[in-house]
Amino acid sequence: MNDQPQISRSDSNNNAAAPAFAEPGVPHIRTLNVPGLQALYVKEVRRFFKVQLQTIWAPAVTTLLFLVIFTVALGGAGRKVIGVPFADFIAPGLIMMAMLQNSFANSSFSLLVGKIQGTIVDYLMPPLGVGELVTALIGAAVTRAILVGFALWLAMLLWPGVHVGPDHLWAVALFGVLGAMMLGFLGLITSVWAEKFDHAAAVTNFVVTPLALLSGTFYSVDRLAPWFQGVAHANPVYYAIMGFRFGFIGTVDSTLAHPVLTAALVLVATNIVLGVITYRLLVSGWKLKA
């Protein structure tokens, strides 16, 4: 008599239909993980949107105060810069400066808070490639920058004496996204390097703020001494603000042969360099993995 358990045909069919799991360390998702990328992006956007009074509206109000102070103090008596009223000249630069600062603030907070609170595993354990991780974090930073810029644009649109109707919408979109991506990459590099919030604040105070203030936001670069113009031309933030301003007023404060094209190429090259550095740092796991 056969004492071996009989396996029914239905049981064998169920076993045959059981899912096959990948070996440990072997990726099961071999293509772009769109649901995972989307989930991380939505998580990052919800994180800053829950405190939108601090992350969106407060920067917009602070930057608007800059516009009020500078236009009242320096923009009277019909003063013009490169042929446009001073208020119209300074407004796009202020919008771009706020977008850059908030893009950096968002991306520099993402991984840093995970390291400090011990939740960095939430970023490292999910089945996301490094490229997908970078895409989601930079996408969230750019989203915050766009929301801050849009809030500021609406406020300035209603502000008397300021004209912020775009002349070249493509330039506004192109340089807005390229500039926000550039500071987003810098913020992500900072969040990998920093070990506490003081480190990120130091980069903000000694790198981001000087780059923004010395980029022609409040003045025309062509009025500077030749050596100071060279300093401005070595600042990539200058090209972001110059191109973004061109989208609104249709002119630039530059003596370069093809200023708008040069600005776009400089920003693309800077983003590629910063993107490669960010990718290599995350692949290495420096200061992220034991």
(message) Are there helices (runs of 4 or more DSSP H) fully within segment 161-273 with at least 1 residues that are within 25 Å of Leu133 (Cβ to Cβ)? List them.
(response) 169-193, 197-203, 236-249
(request) Output the residues belonging to segment 238-280 that are within 14 Å of Ile189 (Cα to Cα) and buried (at least 18 other Cβ atoms within 10 Å of the Cβ). (result) Thr270, Asn271, Leu274, Gly275, Thr278
(message) Criterion first (surrounded by fewer than 19 Cβ atoms within 10 Å (Cβ to Cβ) and touching a Leu at 6+ places or on another chain (Cβ under 7 Å)) does Phe66 satisfy it?
(response) yes
(message) Considering only residues that are among the hydroxyl-bearing types (Ser, Thr, Tyr) and surrounded by fewer than 18 Cβ atoms within 10 Å (Cβ to Cβ), which ones fall in segment 205-218?
(response) Thr209
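Right, Phe175: farther than 17 Å from Pro92 by Cα, of a type outside the set (A, V, I, L, M) and surrounded by 14 or more Cβ atoms within 10 Å (Cβ to Cβ) or not? Reasoning before the result, please.
Values: farther than 17 Å from Pro92 by Cα: no; of a type outside the set (A, V, I, L, M): yes; surrounded by 14 or more Cβ atoms within 10 Å (Cβ to Cβ): yes.
Judged against the criteria, Phe175 is not a match.
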(message) One residue is enough: does segment 108-128 have a residue meeting the conditions over 16 Å from Lys43 (Cα atoms), touching a helix residue (DSSP H, G or I) at 6+ places or on another chain (Cβ under 7 Å) and either at pLDDT 90 or above or buried (at least 23 other Cβ atoms within 10 Å of the Cβ) (or both)?
(response) no
(request) Look at segment 143-164 and say how many of its residues are within 22 Å of Ala39 (Cα to Cα) and surrounded by fewer than 23 Cβ atoms within 10 Å (Cβ to Cβ). (result) 3
(message) Any residue that is crowded, with 20+ Cβ neighbours inside 10 Å and not small (Gly, Ala, Ser) - is there at least one of those in segment 230-237?
(response) yes
(request) Scan (1) under 21 Å from the mean Cα position of the chain (by Cα); (2) in a helix (DSSP H, G or I); (3) modelled with pLDDT under 90; (4) under 23 Å from Leu186 (Cβ atoms) for the single condition Leu64 breaks and write down its number. (result) (4)
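The values are calculated or read from the model by the stated rules, or taken from the named source; none is laboratory data. Computed from a predicted model, the values in this text were never measured in an experiment. Positions of Cβ are generated from backbone atoms using ideal geometry, with glycine treated the same way; all protein chains shown enter the neighbour counts.
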